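A.B. asks: The structure follows.
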Amino acid sequence: MAEPYLVVEHLTKVYERGHVVALKDVSFEVQKGEFLVIIGLSGSGKSTLLRCINRLIEPTKGRIFIDGVEITKLSPRQMRKFRRKIGMIFQHFNLIKRATVMTNVLTGRLGYNPTWRTLLGLFPRSDRELALKNLERVGLLEKAYVRADELSGGQQQRVGIARALMQQPELLLADEPVSALDPATSHSVMQYIEQMNREDGVTVLASLHFLSLARRYGTRIIALKDGELVFDGLPEEIDDRKFKEIYGEEAEEVEVR
Amino acid sequence: MARMLPAKVERGRFRRRLIALFLDWMSWGYVAYGVMYFLNDYWWRIPLERFYSTLTLPPWGWPAAVLGTLAMAVVCELTGYSLGERALKLERKRERPLTKEELLRGRAAGKPFWRTQWGIMAVLLLALTVALGWHIVKIDPEALIHPSPRAREMLSEIFPPDFRHFRVPDPAFELRGLPYSILDLMVLTIFMALLATVLGAAVALPLSFLGARNIMGFSPAGWLVYGVVRGFFNIFRSIETMLWAVVFAIWIRWGSPLAGIMALTVHTIAALGKLYSEQVEGIDPGPVEAVVAAGGSRAEVIRYAVLPQVIPSFWAFTLYRWDINVRMSTVIALVGGGGIGDMLFYYKNEGKWALLGAVVITIVAVVWAMDYLSGRLRERIT
Amino acid sequence: MPPGYPEAYLKGKPRWMSLDAVADFFYFGFRNLRKQLSIAVLDMGAVAVLWLLMNYVIIRLSTGQIGYTLVPWWIFGVGVVEAAALWESFGRSFGHRVARLELRRTDGREPTLKQKVLYWLLWHVSVLPLFPLLLVPSPHERGSGLELRPFTMEGRVPRPWWRTSTGIYVAWLMGVALTAAISVTVSWEDLVRLFTKAGTTAKFWRSFFSPDTSIILKTIRELIVTVFMAMTATSFAVLVAVPLSFLAARNLMRGVVGRFIYTVIRVTMSIIRSIEPVVWAIFFLVWVRVELAPFAGVLALFVHSVSDLTKLYAERLESIDPGLIEAIAATGANRLQILRYAVIPQIVNPYISFTLYRWDINIRMATVVGVVGGGGIGQALFFYLTGNLWQQAGTVMLFIIALVWGIDYLSARLRAKLA
């Protein structure tokens, strides 16, 4: 069996001197090219887990290896360089509202260009061509110079995807990418992510709210409850009992068609 | 072929072009003023009436200036993308599709702004403003770096500050026959602000309902009252507290705390009235609808639908005003309003800098404390 | 969950002598100390203020003098402390309301009278020496079986304000304060003059409708000077305040050095802001030569504007959306790039809006600064008013009203377009 691409070992995140435990001893592995879905109730630690992987949040304890490199040991500068290969998309899109779509997408190349160039907004021609290509790929080429906050939710998330694509990432972290969208748009956005996973070979870690979406798009599922890992396996393996374990006794499944 | 736009849009566009022309005309008028000012100052120097130096012109001057600037404005409008048009964003239409090059660059094959007409005009106006400002206001870095001898004396004596008369009155300083220490006068000053704020808020609150469009706008008489009240608010707000203080000081007596209180109150009523009435106008009409539908009278609508929505911001504005009033009351004595400013002025005139320092530090401490408190309270309310 | 570092947590409760346990003791102990002490201090302060004000009123109304004390200091001290203790034990005190807490039994129900008395007596043992408050729960809480819990309205009916102890306190305080204020600031003769001398200023009010046209050109000239004063002061203030605001924002200034710079700048700006532009104008008038009066006014406005703008800008910086910063950081950007792409786009419009607001205020202040000699139209107004030239004063007033109103309207319109 090949070396796993992402290894998380005993990841723990505590706040307030131990009173608040966000993640408790989480360990799992991800192979290259997998589409891993993280499910769980709100507040179970999904967002914290994703942010620990690219060290936007510092883990209190534990180790994370990406492609053989122990990133928990990297200095801030080295980590910044490493982040270029990790793309991230967010629940609330996190775009620069007043800037154009083009500028937003170009910010994906911030890590690849020297500071003086980016401060003046002088991205090289190759970056701009790549931006147009990625915009065409997500179907937003005509909106290239429209202000980002004039787009709909689904379109904004596609801009986020284009931004992540600009990084030419090996790993994509998606923090509840479709929670703020209606069901039809959710599928459309998830399909773009799936396309990234299948055609570009990007390893995807996505946290999702709806189990049906997780079953449909994920190749593997892990579940968090109160910061602990309670399930790690294939989507088919989640039966009613396991479902109630993850979500609690009163939960019922909702279909997102 | 140009598309036919509906008549209303055409009229709107014409009006906007007129406004753009007006703006260009004003910009050229400003340039003309600048030219006249510098000419007057450096060349024509009319000796007696330096006061009028900017606006004295030969008899043919005024019409020439007006027509000349208008002509320049028209020339600008016709020959390029003038400043007025840019300000109103009157776009030039483009019909052909974007080329790949333009798509890459992100600019519709335009010139950089410093080569367009509006860009040059904007830079010119900016430079003129800087030059004019520097000159009119008589900026002199020399004077800043080399203070006057009196200032030097002040700086050397102001540290350490002398708190001798903080609780014990200074026998040399007496207001209306009564000795005051710094503490006493400061307490008096705070009381001035307190009275002004309480009185001002109490009067402004009912008045604000009379100045709110959604309460008054149901009959011609209502509109009249609204207009009068709003006009009153605006006029009385435009005159700063200090100016009111001078008026009241001459009215009552120079140095009377009542003059200060009246000045603060008048300005508070106007300022709070405006803030309150804007709040009342900005409420959610839903609850109002609900109360009216349930059969409530006008007073009941106010009591159950309007008041609950505006009370938190009423408190916030009143606290904000209290903070401002405390600051104002510390200095209002300088124009005859009574309060701790009297002590400030007295020590400054006597040249007793150490005692002055003590007064200033007390004022700073009190104002800072009030500012902090009012800020924290306002955080809690909103 | 037992408190302790993750290591300790993962192995069980820490040994009481380990460094972790001691650090925990002090961490939670100081939190408790701060909570209890702040409540006590607020209550004592509230009682003290009321007491002093009552003394003030009594002394002023009976003797016409100004005084603050009727009893020796030690009686005052004991009285304040006892009043605070009683207030806290037997009701919901002012400090409790500020901290949004209330006293309840450990099982959540209303305290009994016996428990309240115990709490009151043991309060002295806990609070006065201070260090017992480091124990969690403190001796007076442990001994009486009561504790401070967050206050909710669940399962209760609100009481009208006049039946709550804090409500009565506030009403009493306001009454006494207003009485004190009136007794010391308003004198009968002044009130009489207010109502009888109105006639002399009637000429002033009438002049609003019949202005003196001979001074129009002069007034316009002064108006222009005033506008330029405000414009120059605002422009230079913006140049200084924008970089300063980045150094004064808590979320950008982290680390020991950063925090130090932040504190120094914030405190300095607060102090400068507490001194009104008029006082600064007097200061600068002493500093520069007399002919340069408008310059002194500009300097005064500049100094005050810098402090106010820095505060406004920095507060806005502290409340930007952190999500966008996360997103830009996730692409591998360094600090400068994050600043340029995540922070600055969010603050450009608010900054411009604040600048317009400050410009509006500076125009108003420019009219005032002239009154103490700072040049501009205020000086003309002062000259006419003190010279009893009512008609001219009214004319100048008209111009001031027009100017301020116009700028106010313009500034409001522009700010609405930016929002």
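The values are calculated or read from the model by the stated rules, or taken from the named source; none is laboratory data. Because the structure is predicted, anything quoted here is derived from the model rather than measured. Cβ coordinates were reconstructed from backbone atoms using ideal geometry, including for glycine residues, and neighbour counts include every protein chain displayed.
A.B. asks: Only one residue in C:LEU122, C:LEU52 is touching a His at 6+ places or on another chain (Cβ under 7 Å), free of Cβ contacts under 8 Å to residues at least 24 places away in the same chain and not β-branched (Val, Ile, Thr), so which one is that?
C.D. replies: None of the other options fit; the residue is C:LEU122.
A.B. asks: Restricting to segment A:18-51, name every residue that is within 11 Å of chain C (Cβ to nearest Cβ), surrounded by fewer than 17 Cβ atoms within 10 Å (Cβ to Cβ) and not aliphatic (A, V, I, L, M).
C.D. replies: Scanning segment A:18-51 gives A:HIS19, A:ASP25.
A.B. asks: Which of the helices (runs of 4 or more DSSP H) found entirely inside segment B:263-382 contain at least 2 residues meeting this: under 28 Å from the mean Cα position of the chain (by Cα)? Talk me through it step by step, then tell me what you get.
C.D. replies: Values: elements: B:285-293, B:298-301, B:307-331, B:341-350, B:353-381.
By residue number, B:307-331, B:341-350, B:353-381.
A.B. asks: Go over the candidates C:ILE363, C:ILE400 one by one and state the one that is closer than 22 Å to B:ARG230 by Cβ, within 27 Å of the chain's Cα centre (by Cα) and either surrounded by 22 or more Cβ atoms within 10 Å (Cβ to Cβ) or of a type in the set (Lys, Arg) (or both). Before the answer, list the steps.
C.D. replies: Details: C:ILE400 fails: within 27 Å of the chain's Cα centre (by Cα).
Step by step, each of C:ILE363, C:ILE400 is checked, and only C:ILE363 is closer than 22 Å to B:ARG230 by Cβ, within 27 Å of the chain's Cα centre (by Cα) and either surrounded by 22 or more Cβ atoms within 10 Å (Cβ to Cβ) or of a type in the set (Lys, Arg) (or both).
A.B. asks: Moving on. Would you mind stating whether A:ILE66 is more than 13 Å from chain C (Cβ to nearest Cβ), under 23 Å from A:GLY201 (Cβ atoms) and of a type in the set (A, V, I, L, M, F, W, C)?
C.D. replies: In short, yes.
A.B. asks: Does C:ALA181 satisfy the criteria of being surrounded by 15 or more Cβ atoms within 10 Å (Cβ to Cβ) and away from chain B (no Cβ under 13 Å)?
C.D. replies: no
A.B. asks: Scan segment B:305-319 and give yes if some residue there is away from chain C (no Cβ under 13 Å) and under 26 Å from B:GLU174 (Cβ atoms), otherwise no.
C.D. replies: No.
A.B. asks: Residues being in a helix (DSSP H, G or I), touching a helix residue (DSSP H, G or I) at 6+ places or on another chain (Cβ under 8 Å) and more than 8 Å from chain C (Cβ to nearest Cβ): count how many of those fall in segment B:196-236.
C.D. replies: 25
A.B. asks: Does segment B:363-370 contain any residue that is within 15 Å of B:ALA196 (Cα to Cα) and more than 8 Å from chain C (Cβ to nearest Cβ)?
C.D. replies: No, segment B:363-370 contains no residue that is within 15 Å of B:ALA196 (Cα to Cα) and more than 8 Å from chain C (Cβ to nearest Cβ).
A.B. asks: Same structure again: For A:ARG63, indicate whether it is charged (D, E, K, R), at pLDDT 90 or above and touching an Asp or Glu at 6+ places or on another chain (Cβ under 6 Å).
C.D. replies: It is true that A:ARG63 is charged (D, E, K, R), at pLDDT 90 or above and touching an Asp or Glu at 6+ places or on another chain (Cβ under 6 Å).
A.B. asks: Just give me the residues in segment C:372-384 being in contact (Cβ under 8 Å) with a residue 24 or more places away in the chain and either within 17 Å of C:LYS218 (Cβ to Cβ) or surrounded by fewer than 24 Cβ atoms within 10 Å (Cβ to Cβ) (or both), in sequence order.
C.D. replies: Once the filter is applied, which keeps residues that are in contact (Cβ under 8 Å) with a residue 24 or more places away in the chain and either within 17 Å of C:LYS218 (Cβ to Cβ) or surrounded by fewer than 24 Cβ atoms within 10 Å (Cβ to Cβ) (or both), segment C:372-384 yields C:GLY373, C:GLY375, C:GLY376, C:ILE377, C:GLY378, C:GLN379, C:ALA380.
A.B. asks: What number of residues within segment C:378-395 are within 10 Å of another protein chain (Cβ to nearest Cβ) and among the hydrophobic types (A, V, I, L, M, F, W, C)?
C.D. replies: The qualifying residues number 5.
A.B. asks: Moving on to the next point. Just name the residue that is surrounded by the most Cβ atoms within 10 Å (Cβ to Cβ) out of those in segment C:385-397 that are on the phi < 0 side of the Ramachandran plot and not in a helix (DSSP H, G or I).
C.D. replies: Restricting attention to segment C:385-397, the residues satisfying the condition of being on the phi < 0 side of the Ramachandran plot are C:385-387, C:389-397.
Then keep just the ones that are not in a helix (DSSP H, G or I); that gives C:387, C:389.
On the way: C:GLY387: 10, C:LEU389: 18.
Going through the qualifying residues, I end up with C:LEU389.
A.B. asks: Would a scan of segment B:259-271 turn up a residue that is more than 9 Å from chain C (Cβ to nearest Cβ) and either free of Cβ contacts under 8 Å to residues at least 24 places away in the same chain or over 30 Å from C:THR386 (Cα atoms) (or both)?
C.D. replies: Looking only at segment B:259-271, we keep the residues that are more than 9 Å from chain C (Cβ to nearest Cβ), and these are B:263-271.
Of the ones still in play, those that are also either free of Cβ contacts under 8 Å to residues at least 24 places away in the same chain or over 30 Å from C:THR386 (Cα atoms) (or both) are none.
Checked segment B:259-271: no residue is more than 9 Å from chain C (Cβ to nearest Cβ) and either free of Cβ contacts under 8 Å to residues at least 24 places away in the same chain or over 30 Å from C:THR386 (Cα atoms) (or both).
A.B. asks: Test C:ILE224 against the stated conditions and say whether it is under 25 Å from the mean Cα position of the chain (by Cα) and assigned by TED's automatic domain parsing to the domain that holds C:ASP360. Break it down into steps so the answer makes sense when it comes.
C.D. replies: Working: under 25 Å from the mean Cα position of the chain (by Cα): no; assigned by TED's automatic domain parsing to the domain that holds C:ASP360: yes.
It is false that C:ILE224 is under 25 Å from the mean Cα position of the chain (by Cα) and assigned by TED's automatic domain parsing to the domain that holds C:ASP360.
A.B. asks: Another one. Which condition does C:GLU141 not pass, out of (1) among the acidic types (Asp, Glu); (2) out of contact with any strand residue (DSSP E or B) (no Cβ under 6 Å at 6 or more places or on another chain); (3) within 19 Å of C:PHE26 (Cα to Cα), if it passes all the others?
C.D. replies: Looking at each condition in turn, C:GLU141 falls short on (2).
A.B. asks: Let me ask something else about it. For segment C:307-354, which residues satisfy the criterion of being in a loop (DSSP other than H, G, I, E, B) and within 13 Å of chain A (Cβ to nearest Cβ)?
C.D. replies: If the condition is that a residue be in a loop (DSSP other than H, G, I, E, B) and within 13 Å of chain A (Cβ to nearest Cβ), then C:ILE320, C:ASP321, C:THR331, C:GLY332, C:ALA333, C:ASN334 are the ones that fit.
A.B. asks: Criterion first (surrounded by fewer than 21 Cβ atoms within 10 Å (Cβ to Cβ) and within 8 Å of chain B (Cβ to nearest Cβ)) does C:SER274 satisfy it?
C.D. replies: Against the criterion (surrounded by fewer than 21 Cβ atoms within 10 Å (Cβ to Cβ) and within 8 Å of chain B (Cβ to nearest Cβ)), C:SER274 does not qualify.
A.B. asks: Still on this model: Here is a check on your reading of the model: is C:ARG254 basic (Lys, Arg), surrounded by fewer than 21 Cβ atoms within 10 Å (Cβ to Cβ) and more than 21 Å from B:ALA365 (Cα to Cα)?
C.D. replies: Against the criterion (basic (Lys, Arg), surrounded by fewer than 21 Cβ atoms within 10 Å (Cβ to Cβ) and more than 21 Å from B:ALA365 (Cα to Cα)), C:ARG254 qualifies.
A.B. asks: Among the helices (runs of 4 or more DSSP H) confined wholly to segment A:85-141, which include 2 or more residues that are touching a residue at least 12 places away in the same chain (Cβ under 8 Å) and within 11 Å of chain C (Cβ to nearest Cβ)?
C.D. replies: By residue number, A:101-106.
A.B. asks: Answer yes or no: is there a residue in segment A:160-181 that is over 30 Å from A:THR48 (Cα atoms) and surrounded by 17 or more Cβ atoms within 10 Å (Cβ to Cβ).
C.D. replies: Looking for residues that are over 30 Å from A:THR48 (Cα atoms) and surrounded by 17 or more Cβ atoms within 10 Å (Cβ to Cβ), one finds none in segment A:160-181, hence no.
Residue by residue, here is whether (1) of a type in the set (D, E, K, R); (2) under 30 Å from A:VAL146 (Cα atoms) holds:
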residue: A:VAL7; (1), (2): no, no
residue: A:THR12; (1), (2): no, no
residue: A:LYS24; (1), (2): yes, no
residue: A:SER27; (1), (2): no, no
residue: A:ILE64; (1), (2): no, no
residue: A:PRO76; (1), (2): no, no
residue: A:ILE86; (1), (2): no, yes
residue: A:GLN91; (1), (2): no, yes
residue: A:VAL101; (1), (2): no, yes
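A.B. asks: Which residue, of B:MET186, B:MET216, B:MET192, is at pLDDT below 85 and of a type outside the set (Phe, Trp, Tyr)?
C.D. replies: B:MET216
A.B. asks: Kindly list the number of the only condition in (1) closer than 22 Å to A:VAL30 by Cα; (2) surrounded by 22 or more Cβ atoms within 10 Å (Cβ to Cβ); (3) facing chain C (nearest Cβ under 8 Å) that fails for A:LYS61.
C.D. replies: (2)
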